[in-house]
Ligand SMILES: Nc1ncnc2c1ncn2[C@@H]1O[C@H](COP(=O)(O)OP(=O)(O)OP(=O)(O)O)[C@@H](O)[C@H]1O
Ligand SMILES: O=P(O)(O)O[C@H]1[C@H](O)[C@H](O)[C@H](OP(=O)(O)O)[C@@H](OP(=O)(O)O)[C@@H]1O
Ligand SMILES: [Mg+2]
Ligand SMILES: [Mg+2]
């Protein structure tokens, strides 16, 4: 694999100059260098491309190379893998066109599949369609309603839909901006008319203040616990009115894995359930890099709700992510060789 040296901006992590293959223990030829071109927002670059990932990757023959957005993609590379998280129609067209012309390059992930996660209604539609009843647990989606216009009709729409209060109001579109993560808890339907559509109104499910973040990297699954919003009691509901903006509590790097929590709240969802859920969603969504935010309904052992799915989430906060990610990248090359007919 060779990088032609043209990509020599400050951002370029490594130059790779030679083609060399070795036969490893599994009998497949492994390229000694795997070139991963990346196009990431500066926020994502900072959180994901940490020195421990770049260092381990380099030791394992993986080189991250910045894609220069000011030059045609066709003139850059060659790449084995393209890793991207950028929004915008232009970029989607570039990457789709490149994927068609270079089927040998693995694109993580296809833009049309990522697009499903940019809308809080479409992101959950595959979870609704799942039937995991034979898997030691039930997984559903909270009741929700989409409001696209006329805030003044919201109280009527909420009452008509039978949605139970309180509800979480979330911007319908998720585009990576801070605004798209601005969420509100509404204790009464009338106050909802203060908010700006388009919105998804989702029933708030009491879950003991703990959330499970299920990180998927190809076939690997890593679950971490995070702090979340506390339960809302009937008494709270009868005493409080209004809409309240709440902070991104579960996004904070602080893990709840070591917290002193009620064991029935803290117990991780069954592994078999997580594996089925991850496998189904990987196939149905057509994605390899995402996370699922899941909560357990308070007072139950096995009733779970998926409340959010994120593309290329904050892997940098997952302990040991550098090992999971480099294993994944190497597995992509191996599966490519396995698919090739024996010469
Ligand atoms: N239906 C719900 N019931 C209870 N709590 C909820 C619900 N929806 C969201 N929350 C709480 O609000 C937090 C943020 O919601 P959500 O994950 O949908 O927003 P987000 O902006 O997409 O977050 P992320 O940073 O994970 O992308 C959740 O982590 C959880 O703590
Ligand atoms: O708590 P996590 O790691 O899931 O939080 C993610 C969040 O879900 C989004 O994926 C963020 O990306 P954007 O959608 O682009 O805002 C991640 O931010 P990043 O700085 O890590 O890229 C959060 O970590
Ligand atoms: Mg979330
Ligand atoms: Mg999200």
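The values are calculated or read from the model by the stated rules, or taken from the named source; none is laboratory data. Since the model is a prediction, treat every value here as computed from it, not as a measurement. For neighbour counting, all protein chains shown are included, and Cβ atoms are generated from backbone atoms with ideal geometry for every residue, glycine included.
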Given (1) touching a helix residue (DSSP H, G or I) at 6+ places or on another chain (Cβ under 9 Å); (2) within 30 Å of residue 329 (Cβ to Cβ); (3) within 9 Å of ligand 1 (Cβ to nearest atom); (4) not in a strand (DSSP E or B), identify the lone condition not met by residue 229.
(2)
Conditions (1) over 30 Å from residue 60 (Cβ atoms); (2) part of a helix (DSSP H, G or I); (3) more than 14 Å from ligand 1 (Cβ to nearest atom); number of the one not met by residue 250:
(3)
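Could you tell me which of the residues 286, 316 is touching a residue at least 60 places away in the same chain (Cβ under 8 Å), more than 15 Å from ligand 2 (Cβ to nearest atom) and in contact with a helix residue (DSSP H, G or I) (Cβ under 6 Å, 6 or more places away or on another chain)? Walk me through it before giving the result.
On the way: 316 fails: more than 15 Å from ligand 2 (Cβ to nearest atom).
Selected residue: 286, the only one of 286, 316 that is touching a residue at least 60 places away in the same chain (Cβ under 8 Å), more than 15 Å from ligand 2 (Cβ to nearest atom) and in contact with a helix residue (DSSP H, G or I) (Cβ under 6 Å, 6 or more places away or on another chain).
Is the stretch 294-304 home to any residue that is surrounded by 14 or more Cβ atoms within 10 Å (Cβ to Cβ), free of Cβ contacts under 8 Å to residues at least 60 places away in the same chain and in the same structural domain as residue 154 (by TED's automatic domain parsing)? It would help to see each step written out before you state the result.
Our first condition is that a residue be surrounded by 14 or more Cβ atoms within 10 Å (Cβ to Cβ); within the stretch 294-304, this holds for 294-298, 302-304.
Imposing the further condition that a residue be free of Cβ contacts under 8 Å to residues at least 60 places away in the same chain reduces the set to none.
Checked against the condition, which is being surrounded by 14 or more Cβ atoms within 10 Å (Cβ to Cβ), free of Cβ contacts under 8 Å to residues at least 60 places away in the same chain and in the same structural domain as residue 154 (by TED's automatic domain parsing), the stretch 294-304 yields no hits at all.
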Return the total of residues in the stretch 99-136 being modelled with pLDDT under 95 and more than 28 Å from residue 325 (Cβ to Cβ).
6
Only unsatisfied item for residue 263, checking (1) surrounded by fewer than 20 Cβ atoms within 10 Å (Cβ to Cβ); (2) within 14 Å of the chain's Cα centre (by Cα), is (2)
Per-region count, the stretch 294-317, residues out of contact with any strand residue (DSSP E or B) (no Cβ under 7 Å at 6 or more places or on another chain) and within 12 Å of ligand 1 (Cβ to nearest atom):
3
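Results for (1) within 15 Å of ligand 1 (Cβ to nearest atom); (2) farther than 25 Å from residue 165 by Cα; (3) part of a loop (DSSP other than H, G, I, E, B), shown as yes or no for each residue.
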| residue | (1), (2), (3) |
| --- | --- |
| 177 | yes, yes, yes |
| 184 | yes, no, no |
| 197 | no, no, yes |
| 206 | yes, no, yes |
| 211 | yes, no, no |
| 214 | yes, yes, no |
Going through (1) surrounded by 16 or more Cβ atoms within 10 Å (Cβ to Cβ); (2) modelled with pLDDT under 95 one by one, residue 84 fails only at (2)
Restricting to the stretch 241-291, what's the tally of residues that are touching a strand residue (DSSP E or B) at 6+ places or on another chain (Cβ under 6 Å), within 16 Å of ligand 4 (Cβ to nearest atom) and more than 27 Å from residue 166 (Cα to Cα)?
2
Given (1) in a strand (DSSP E or B); (2) within 16 Å of ligand 2 (Cβ to nearest atom), identify the lone condition not met by residue 304.
(2)
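For every residue, the table says whether it meets (1) within 16 Å of ligand 2 (Cβ to nearest atom); (2) under 19 Å from residue 114 (Cα atoms); (3) surrounded by 20 or more Cβ atoms within 10 Å (Cβ to Cβ).
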position: 150; (1), (2), (3): no, no, no
position: 165; (1), (2), (3): no, no, no
position: 181; (1), (2), (3): yes, yes, no
position: 196; (1), (2), (3): no, no, no
position: 203; (1), (2), (3): no, no, no
position: 219; (1), (2), (3): no, yes, no
Could you tell me which residue of the stretch 253-271 is modelled with the lowest pLDDT, considering only residues that are in contact with a helix residue (DSSP H, G or I) (Cβ under 9 Å, 6 or more places away or on another chain) and within 16 Å of ligand 2 (Cβ to nearest atom)?
253
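Among the residues that make up the stretch 133-156, is at least one of them part of a helix (DSSP H, G or I), within 26 Å of residue 214 (Cβ to Cβ), out of contact with any helix residue (DSSP H, G or I) (no Cβ under 6 Å at 6 or more places or on another chain) and assigned by TED's automatic domain parsing to the domain that holds residue 234?
Here is the first cut: in the stretch 133-156, the residues part of a helix (DSSP H, G or I) are 151-156.
With within 26 Å of residue 214 (Cβ to Cβ) added as a condition, the list becomes none.
Looking through the stretch 133-156, none of the residues is part of a helix (DSSP H, G or I), within 26 Å of residue 214 (Cβ to Cβ), out of contact with any helix residue (DSSP H, G or I) (no Cβ under 6 Å at 6 or more places or on another chain) and assigned by TED's automatic domain parsing to the domain that holds residue 234.
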Filtered residues of the stretch 87-98 (kept if modelled with pLDDT under 95 and touching a helix residue (DSSP H, G or I) at 6+ places or on another chain (Cβ under 9 Å))
87
